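Okay, structure first, notes after.
Each reported figure results from applying straightforward, stated rules to the coordinates on display, with no laboratory input. Since the model is a prediction, treat every value here as computed from it, not as a measurement. Cβ sites come from the backbone with ideal geometry, for glycine too, and all protein chains shown count toward neighbours.
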Amino acid sequence: MWAYESNFYQIYPLGFCGAPKDNDGSSAPAEPGLSRFAEWIPHLLNLGMNAVYFCPIFESDRHGYDTRDYRVIDRRLGTNESFAALCAKLHKNGIRVVLDGVFNHVGRGFWAFQDVLKNRESSPYRDWFHINFGGNNGYNDGLWYEGWEGHFELVKLNLNNEDVVRHIFSCIEGWVREFDIDGLRLDVAYCLDRGFLSRLRSFCDGLKKDFFLVGEMIGGDYNQIMNDGMCHSATNYECRKGLYSSLNSMNLFEIGHSLQRQFGKEQWCLYRGKHLLSFVDNHDVTRAATILTQKEHLPPLYALLFGMPGIPCVYYGSEWGAQGRKEDGDDALRPCFDAPQENELTEWIGKLAGARTGSKALCNGDFTILVMTNRQLIFERSCDGERVLVAVNADSAPYTAHFNANAGRAVDLISGKAHDFGGGSELPPYSAYFWLTE
């Protein structure tokens, strides 16, 4: 699967474009709208990114997750034709495209729900949703319907209705035909009917070779949806928390034990041999540069992200240390940037991504901890005879690691410099290495 060896870049298109907060239905397509992202392709290539995950892009009421029409690009972003041209440019540069599949719910402006509000019991779409015509709701529609987790601006779809499933599948087929997309990130996948997920996987397998499905999971056992019959991957929220928390508390045992529990060689390890989508921030959580108490921990944080098992995903702007607090609202997390920025962190992430792309062990290798202290972590990734040792020192003081490396020399995949394990391995303050052993 191509995704397992990819480095993902995520953007929130409506924020990226500085789009109006509400879709009044008459706005002309933004110029240049999402097409402007084509100007960022050189930046993505410098970063070593070879896949882009777009948050919602289809016509919606407000923020994208309240869909009006799965078949039309949101007028605040552009047109179907302009997005198809962008996808063609991305593909030409070796960058795959993954879209947000928001199938659990739609917005109140969704065309079929509007027909229900107008025609009530006589609407042919009445069974597309979970409706009680004898009730009422906060919008005083004279009917009750199920909203997502109590949010009634998000109308829950009935995924057990064959017409709903056929409509969704026809739209996905249209996205492949029109935009040549390579996969979907399934919004709130933990809410989706498991039978629907199975049918979706089967449909997508037949639609395009190696079509990638990653499901949003906040907690619980990711194997519920990540298996041979459903999603290929799931979002690793457990390790997202562990990555920043272990650095803030100077307790690398936290992330070490999480990684061991998930990916260790023991039979009881939960996700051994699987590829979770790994991240340090996204459109829903406080950015890493804000939540870390020491900014010197940003380079070790990203080294862990690209060195640990999983598929690393970088959220737009975070590669140069953009700030953003969830407590300040969605706009603080989903900004518009005039242009990408380049600094030492950007260069560092590009080196990490390049090292990972060229390493079978970092992309697909198993996981073994070699050294673990409160402030240092060294683990091994190995695959098909290739061994890479990921070494991180989160301390402000240098550290000399003494351990059985089972090798005399190595080369650091990040810097290209040779390393000799004899006499101990010196780790400067706030440093990280990917040692390819000889």
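Among 206, 101, 183, the residue with the largest mean-square fluctuation in a Gaussian network model of the chain, with springs joining Cα atoms closer than 10 Å, is 206.
Here residue 241 is the anchor, and the lysines within straight C-alpha reach of less than 27 Å, apart from those fewer than 8 places off in the same chain, are 265, 274, 295, 326, 351, 360.
Can you list the GluC sites (Glu not before Pro) in segment 254-345 that are in a DSSP coil and have 16 or fewer other beta carbons within 10 angstrom?
Answer in residue order: 266, 342.
The trypsin sites (Lys or Arg not before Pro) found in segment 329-438 that occupy coil by DSSP, while having at most 11 further C-beta atoms within 10 Å, are 417. Anyone know which of 404, 140, 248 comes out most mobile in the 10 Å Cα GNM of the chain? It is 140. Build a GNM of the chain with springs between Cα atoms under 10 Å apart, and of 231, 55, 191 the one that fluctuates most is 191. Taking other C-beta atoms within 10 Å as the exposure proxy, 293, 67 rank 293, 67 from fewest upward.
Against the compact-protein benchmark of 2.2 N^0.38 Å, the Cα-based radius of gyration of segment 289-438 scales to 1.11. The DSSP beta bridges internal to the chain are antiparallel in roughly 60% of cases.
Length gained on full extension, residue 162 to residue 193, computed as 0.36 nm times the residue gap minus the Cα-Cα distance: 9.9 nm.
In which sequence would 261, 287 go, from the one with the fewest C-beta neighbours within 10 Å to the one with the most? Intermediate results must be reported in sequence, preceding the final value.
Values: 261 15, 287 21.
Going from sparsest to densest Cβ surroundings: 261, 287.
Rounded to a whole number of µm²/s, how large is the Stokes-Einstein D of the chain at 10 °C and 1.306 mPa s, given Rh as the Kirkwood radius over C-alpha pairs?
Details: Rh = 22.9 Å.
Taking Rh from Cα pairs, D becomes 69 µm²/s.
Sorted largest first, the principal axis extents computed over the alpha-carbon atoms of segment 366-437 equal 35, 23, 21 Å.
This ranking places 290, 373, 400 by how few other beta-carbon atoms lie within 10 Å of each, fewest first, which gives 400, 373, 290.
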